[in-house]
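Read through the structure below, which is laid out as structure tokens, and then see the notes.
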Amino acid sequence: MGFEGHELGHGKIEMIAGPVVKAIGMRGAKMYDVVSVGSSALIGEIIGLEGDSATIQVYEETAGITPGETVVMLGEPLSVELAPGLMSMIYDGIQRPLKAIMEKSGDFIARGIRVPPLDHARRWTFHPDIEAGAHIGGGDVIGWVQETPTVKHRVLVPPGEEGIVTMVVPESERTIDEVICEIRTTNGTRRLSMLQKWPVRIGRPFKVKYDPDVPLITGQRILDTFFPIAKGGTAAIPGGFGTGKTVTQHQLAKWSDADIIVYIGCGERGNEMTDVLREFPHLEDPRTGEPLMSRTVLIANTSNMPVAAREASIYTGITLAEYYRDMGYDVALMADSTSRWAEALREISGRLEEMPGEEGYPAYLASRLANFYERAGVVECVSTGTRKGSISVIGAVSPPGGDFSEPVTQNTLRIVKVFWALDSNLADKRHFPSINWLKSYSLYLEKVEEWYRNKVSPEWLDRRNKAMALLQQESELQEIIQLVGPDALPPSQQMVLETTRMLREDFLQQNAFHAVDSFCPQDKQFDMLTIMLEFGDLCQQAVARGVSVDRLRQARCRISISRMARVVNKDYKRTFDSIREEVRRELTSMR
């Protein structure tokens with residue numbers, strides 16, 4: 001973030017309580033303005049005003065700061081720099097580039113360090129898309145820069161600007177600060193560069209928000225087939241320790257068909273973010289063959305960084321996502337995890353001596369969560385033309401002890417439309433992803449059905465619902481088995497259990513670290529499910545003919561079905577056709 005605002009005056013520290021500082025003599029300050037705190041020039045943000053007294057949350061460690069030290073008012077809100085150069089960057093919670101900080105201060109972030117978020121000296125090849133005399137307004141494309149091999153960065157007119165183009169530079173190399181366009185407005189001439197600044201707590205404007213109706217393809221069978229999320233949708237992944245929240249979000253970041261990935265490590269342990277930082281630069285984007293980092297921004301705000309910065313990291317991430325959405329891209333934002341952010345809100349609220357809500361969380365927890373998730377969506381971007389973009393927000397939740405009744409999980413569920421419930425019992429059985437198919441749900445099923453009917457099969461929803469009904473029936477049968485044992489069930493119900501075991505072990509389970517099974521295309525998912533359901537139907541017909549359950553359990557085609565997930569995605573059609581023939585031939589011939 002840029003913190004070079006003009007000094008508007010000085011105040012003095014009156015009281016310090018951890019990351020919360022109270023200062024007096026702050027007349028003229030505004031809510032959410034950035035300030036420089038103490039002799040170490042720590043970065044802080046005003047979160048409360050009363051007379052000439054200001055309450056400040058400091059985004060750096062306050063140890064050693066004493067009452068009486070100076071607080072400098074910088075006169076601008078907490079903002080991010082938006083320009084070419086964001087892709088592939090790794091920031092902390094307040095948009096300071098970690099690589100540049102390391103070069104300047106070593107392995108630890110020095111207090112009060114100031115590093116520009118973007119390289120202002122780097123020259124980019126700017127390609128103009130407008131000519132002198134054109135009338136342009138906020139959101140219109142001035143030109144473009146090839147930011148990375150996979151991202152074409154559209155340089156936009158800042159929101160609120162409008163006028164006649166009097167000058168635009170030809171194709172040439174420019175820094176992000178150099179003027180690329182001049183427009184004549186009612187208030188005089190405006191000079192525009194590639195750099196914009198935007199306050200993080202204010203959502204960027206759009207024309208219209210639409211209902212999401214196109215699925216975000218993730219390549220994860222239980223997500224795409226059973227509980228899909230739409231592009232522009234919201235989802236929550238709650239789960240206790242060790243249930244696979246982080247790995248699931250890594251999979252979504254790697255494989256989802258979004259154009260841009262924004263990954264926020266909000267208060268997670270350092271080793272989890274280390275895995276991301278080590279792995280992502282070496283991952284190949286399956287769509288382009290380029291490194292995945294070429295379309296990814298990482299915000300690494302780990303648990304040992306100051307607590308207050310967790311809130312900034314959430315807003316920083318969503319603002320970066322909105323910037324690329326405004327270019328017309330589909331953005332997927334991963335927040336891992338919003339529980340750490342909520343814990344930071346609880347700590348700050350306690351320091352402010354506010355009246356606590358449930359379990360000590362502030363009474364405004366629900367509204368803060370809603371303000372974050374509502375910035376997702378499919379929108380028509382601000383522009384004189386027509387351009388759509390989307391932000392899909394997937395937030396991990398870490399309920400203590402896996403208790404979904406706690407406030408963060410419950411308030412999140414009231415807001416999001418997809419609930420992927422991670423189950424510690426499944427994780428203990430090494431069933432991953434450990435998403436409980438009986439507790440999870442998606443409210444986008446009807447919205448995305450038309451897309452699946454047109455792109456995959458008209459029978460997609462029927463097959464999905466049939467499989468879910470079988471899994472529900474299995475749950476009911478398990479209660480009977482606990483009383484009378486499996487052998488007491490009639491043969492038809494025993495074959496239901498065999499079919500659902502196949503669904504659980506060979507379809508719902510997926511190996512994130514297998515070269516082929518890590519990603520499963522839509523058509524392959526549908527064909528796998530179809531073959532498994534056909535196996536179940538043919539087994540029921542065989543049972544009706546008098547074939548024994550033991551003989552059906554020993555069918556050789558079961559081995560072929562169990563190997564379908566690891567059939568190479570490019571060549572699976574021919575293999576699946578032979579498996580389907582094998583299933584039909586073997587099961588229909590049994591007498």
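Give me the distance in nm between label points sitting 7 Å out from Cα along the Cα-to-Cβ direction at E61 and T185, one decimal.
About 4.4 nm, to one decimal.
Can you give the three extents of the C-alpha atoms in the stretch 223-362 along their principal axes, from longest to shortest, in whole Å?
For the stretch 223-362, the Cα spread along each principal axis is 52, 31, 29 Å.
In square angstrom, what is the accessible area per residue of the stretch 349-447 with a 1.4 angstrom probe?
The answer is 45 Å² per residue.
Quick one, can you get me the convex hull of the C-alpha atoms of the stretch 158-299 expressed as volume per residue in Å³?
Convex hull volume per residue, Cα atoms: 190 Å³.
For the stretch 219-286, take the convex hull of the Cα atoms, compute a quarter of its surface area, and give me that in nm², please.
Here the figure is 5.3 nm², rounded to one decimal.
Keeping the other protein chains in place, figure out the carbon and sulfur percent of the accessible area of the stretch 98-188, with a 1.4 Å probe.
Answer for the stretch 98-188 is 50 percent, counting heavy atoms of protein chains only.
Above 21 angstrom, tally the Cα pairs of the stretch 482-591 and express them as a % of all pairs, no decimals.
Here the tail beyond 21 Å accounts for 38 percent of pairs.
If you line up the long axis of helix 309-326 against the longest principal axis of the chain, both from Cα atoms, how many degrees apart are they, to the nearest 10?
So the inclination is approximately 80 degrees.
With the full set of protein chains in place, find how many percent of the accessible area of the stretch 427-489 is carbon and sulfur; take the probe as 1.4 Å.
Within the stretch 427-489, the accessible surface is 48 percent carbon and sulfur.
For K30 and K455, what does the FRET efficiency come to when R0 = 56 Å and r is the distance between their Cβ atoms, rounded to the nearest 0.05?
According to the calculation, E is roughly 0.65.
Evaluate the relative contact order of the chain (contact order divided by residue number), counting alpha-carbon pairs under 8 angstrom at least 6 apart; express in whole percent.
Once normalised by length, the contact order is 13 percent.
Once the convex hull of the alpha carbons of the stretch 98-141 is built, what does its volume come to per residue, in cubic angstrom?
135 Å³
Using protein chains only and a probe of 1.4 angstrom, how many square angstrom of S367 are accessible, to the nearest 10?
It works out to around 60 Å².
Lysines near K22 by alpha-carbon distance under 24 Å, same-chain residues fewer than 8 away left out - which ones?
The reachable lysines, counting only those whose Cα sits under 24 Å from K22, are K12, K30.
State log₁₀ I(q)/I(0) for the chain at q = 0.08, 0.12 Å⁻¹ as given by the Debye formula over alpha-carbon point scatterers of equal weight, solvent excluded.
-0.63, -1.20
FRET efficiency for E359 and K429, Cβ-Cβ distance as r, R0 = 25 Å, nearest 0.05?
Given R0 = 25 Å and the Cβ-Cβ separation, E is 0.25.
Pick out, from H127, P117, W144, the residue whose Cα sits farthest towards the positive end of the charge dipole of the stretch 65-213, with +1 on the Cβ of Lys and Arg and -1 on the Cβ of Asp and Glu.
P117
Using just the helices of the chain, give the 222 nm mean residue ellipticity in deg cm²/dmol: DSSP H runs with n ≥ 4 each add -39,500 (n - 2.57), and the total is spread over all residues, rounded to 500.
Rounded to the nearest 500, the figure is -9500 deg cm²/dmol.
Relative to the longest principal axis of the C-alpha atoms of the chain, give the angle of the C-alpha long axis of helix 522-544, reported between 0 and 90° and rounded to the nearest 10°.
Once rounded, one gets 30 degrees.
With every protein chain left in place, what is the accessible area per residue of the stretch 176-237 in square angstrom, probe 1.4 Å?
37 Å²
Probe radius 1.4 Å, ligands and nucleic acids left out: which of I559, I56 has the largest accessible area, and how do the rest follow?
Greatest to least solvent exposure: I559, I56.
Take the alpha carbon gyration tensor of the stretch 41-196, find the square roots of its eigenvalues, order them as a ≥ b ≥ c, and report rounded if a/c is under 1.5; if not, report prolate when a/b exceeds b/c, else oblate.
Here the stretch 41-196 falls in the oblate category.
Could you state the angle between the C-alpha long axis of helix 245-255 and the longest principal axis of the C-alpha atoms of the chain, as a value from 0 to 90 degrees rounded to the nearest 10?
On a 0 to 90 degree scale, this one is about 90.
Quick check on the stretch 396-544: what does the Kirkwood estimate of hydrodynamic radius come out to from the alpha carbon pairs, in Å?
The Cα-based Kirkwood calculation yields 17.4 Å.
The values are calculated or read from the model by the stated rules, or taken from the named source; none is laboratory data. This structure is a prediction, so every number in the text was calculated from the model and none was measured. Heads up, the Cβs are rebuilt from the backbone with ideal geometry, glycines too, and the neighbour counts pull from every protein chain shown. Side chains are part of the model used for accessible areas, which takes the heavy atoms of the whole protein and leaves out ligands, DNA and RNA. Shrake-Rupley method; radii C 1.70, N 1.55, O 1.52, S 1.80 Å.
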